[in-house]
Amino acid sequence: MMLLIVRHAESVENADKYSGFYQDPRPYSGIAAHSISRSIVGLTPRGFRQAQWLAEVLPGLMNHEPHVYTSTYRRAIDTALIALPELPDGWPQQTALLDEQHYGDATYMTKRELFDTYPDLAEDRRQRKHIWTAPGGGESLAEAVSKRAAEFAALAHSELQTPCTVVAFTHQTAAVALRSLLEDRALPEILADERKGKMRNAAILHYDLRDGRFVRTGTTIPPI
């Protein structure tokens, strides 16, 4: 049985991060910024083509009926609907377990504005990003995001007790937490890998369930 973890296709936030979404000073509140990130940010034309590429590639990877999950963010949902347009009723299912890390009041703040506004958090954000907890109800990668990842891994493990392929459309930070858990590697080690080369939009991580444990078997990278 197989688990496929897919990072959403390129979003307008990915493409226009430093000239559009991050402004100094930020022109909106943290709550408004998070709402924009969750509900409004969609795919670029390049992201649409990446999702079409997924539609060509994913059927050949899936060895059983797909059970498809997405985060609750528009960019992940849109990617899934384009990539797998003919799913049975009830799929895909949205779950907050696959959501992006919640950056709370820091959402879309530049680093300068963040460090000036929350100087007590600056050192953790610079040196220990995995334990940094975003202000204003945000999450840390090491605690909240990793806890959600563990819950999704348990859900996937349960689904795979019957023949199926679980496909998860998610985000870079959630994929980091899932990799750490599924590959039994420390978060700083995974983050070091990410600094060398971040998981690309529309990339697919492959895991097989063998003797009750997930085993990484490969990665499929989009050509676009």
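The values are calculated or read from the model by the stated rules, or taken from the named source; none is laboratory data. For clarity, every value in this text was computed on a predicted model and none was experimentally measured. Here the Cβ is made from the backbone with ideal geometry for all residues, glycine too, and neighbour counts use every protein chain on show. Each accessible area value is taken on the protein alone, full model and side chains, heavy atoms only, with ligands, DNA and RNA left out. Shrake-Rupley method; radii C 1.70, N 1.55, O 1.52, S 1.80 Å.
From the residues THR79, THR107, PRO66, which one has its Cα farthest along the dipole of the stretch 36-142 in the positive direction, the dipole being from +1 and -1 charges on Cβ of Lys/Arg and Asp/Glu about the Cα centre? Of the options given, the answer is THR107.
Within the listed set GLN52, GLN101, GLN127, the Gaussian network model of the chain (springs between alpha-carbon atoms below 10 Å) gives the highest mean-square fluctuation for GLN127. Helix content alone sets the calculated 222 nm mean residue ellipticity of the chain: runs of n ≥ 4 DSSP H residues at -39500 (n - 2.57) each, divided across all residues, give -11000 deg cm²/dmol. The DSSP beta bridges internal to the chain are antiparallel in roughly 50% of cases. Each label was represented as a point 7 Å from its Cα along the Cα-to-Cβ direction; for LEU61 and ASP116 these points are 4.2 nm apart. Per residue, the convex hull spanned by the alpha carbons of the chain comes to 118 Å³. For THR217, the solvent-accessible surface computed with a 1.4 Å probe is close to 70 Å², ligands and nucleic acids excluded.
Of the Cα atoms belonging to the stretch 157-201, the radius of gyration and Dmax stand at 12.5, 37 Å.
Placing a label point 7 Å from the Cα of HIS157 along the Cα-to-Cβ line, the residues of the stretch 206-224 whose backbone N sits under 18 Å from it are 207-217.
Ranking LEU209, ILE221, THR170 by Cα position along the charge dipole of the stretch 121-224, where only Lys, Arg, Asp and Glu carry charges on their C-beta atoms, puts ILE221 farthest toward the positive end.
Using every pair of distinct Cα positions in the stretch 97-224, the Kirkwood expression returns a hydrodynamic radius of 15.9 angstrom. Cβ-Cβ distance of GLU189 and ASP89, R₀ of 35 Å, FRET efficiency by 1/(1 + (r/R0)^6): the value works out to about 0.30. For LYS147, the aspartates and glutamates whose Cα falls under 19 Å of its own Cα, not counting residues fewer than eight places away in the same chain, are ASP99, GLU100, GLU139, GLU159, GLU183, ASP184, GLU189. Protein heavy-atom accessible surface, 1.4 Å probe, per residue over the chain: 47 Å².
Calculated from the alpha-carbon coordinates, the stretch 8-107 shows an Rg and a Dmax of 15.2, 50 Å respectively.
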